[in-house]
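One structure is given below, encoded as structure tokens.
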């Protein structure tokens, strides 16, 4: 019985870490309750306390072990962040990154935001299939995309193309991009096609990226 409890606690820690890493923004603790309530054998009345205890245990692990991450708590929200002592190292890394042209992954992400934005980081990660937090930060610092709060969800950010990007591309409005309407409608088409189990339609990044490069 004790082994089962310990294993359950380890699974919660791993699940919390995975979600915090993938989400990339501050997340309300009560959201974990909604996400986990059907996956762990814990009484509903005890669940929020268990989540808070697990988050504190995870914070202590980051604090005492040789890890580059930390947990920050504010107003019943929590975020996975880089430890302060590694910030200068990251700043140097970012400066070196800016000396180079955009990577294929950056162009892919920028194309997705330009044609299908505004998008949340979770949506971008879903379409790309990988974590996009560093690329989004890089594109934001370069001034190619803007970040704003989702009017429907105060704890979620949306990414959209910036005015500087439009100036860089030499266009006066986003609709002037090649085949803009076609790609802008992909997301809504996908939602409609989800009702049809025979559909396998996916986002063609090569085609979207080609559209952006035409400018």
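The values are calculated or read from the model by the stated rules, or taken from the named source; none is laboratory data. Since the structure is predicted, the reported quantities are computational estimates derived from the model, not experimental observations. As a convention, Cβ positions derive from the backbone with ideal geometry for all residues, glycine included, and neighbour counts pool all protein chains shown.
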### Task
Kindly provide the set of residues from region 8-34 that are over 12 Å from residue 50 (Cα atoms), in a helix (DSSP H, G or I) and either in contact with a strand residue (DSSP E or B) (Cβ under 6 Å, 6 or more places away or on another chain) or modelled with pLDDT of 85 or more (or both), ordered by number.
14, 15, 17, 18, 19, 20, 21, 31
#### Entry: In region 125-134, the residues that are farther than 11 Å from residue 105 by Cβ and touching a residue at least 12 places away in the same chain (Cβ under 8 Å)
125, 127, 133
### Task
Look through 59, 67 and report the one residue that is outside the structural domain of residue 176 (by TED's automatic domain parsing), farther than 25 Å from residue 153 by Cα, at pLDDT 85 or above and not in a helix (DSSP H, G or I).
67
### Message
Just to be sure I understand, how many residues within region 135-151 are touching a residue at least 24 places away in the same chain (Cβ under 8 Å) and in contact with a strand residue (DSSP E or B) (Cβ under 9 Å, 6 or more places away or on another chain)?
### Response
6
### Task
Name the one entry in 208, 135 that is part of a helix (DSSP H, G or I), touching a helix residue (DSSP H, G or I) at 6+ places or on another chain (Cβ under 9 Å) and at pLDDT 80 or above.
135
### Message
Would you confirm, using the coordinates I've provided, whether residue 5 is loosely packed, with under 15 Cβ neighbours inside 10 Å, in a helix (DSSP H, G or I), within 21 Å of the chain's Cα centre (by Cα) and at pLDDT below 80?
### Response
no
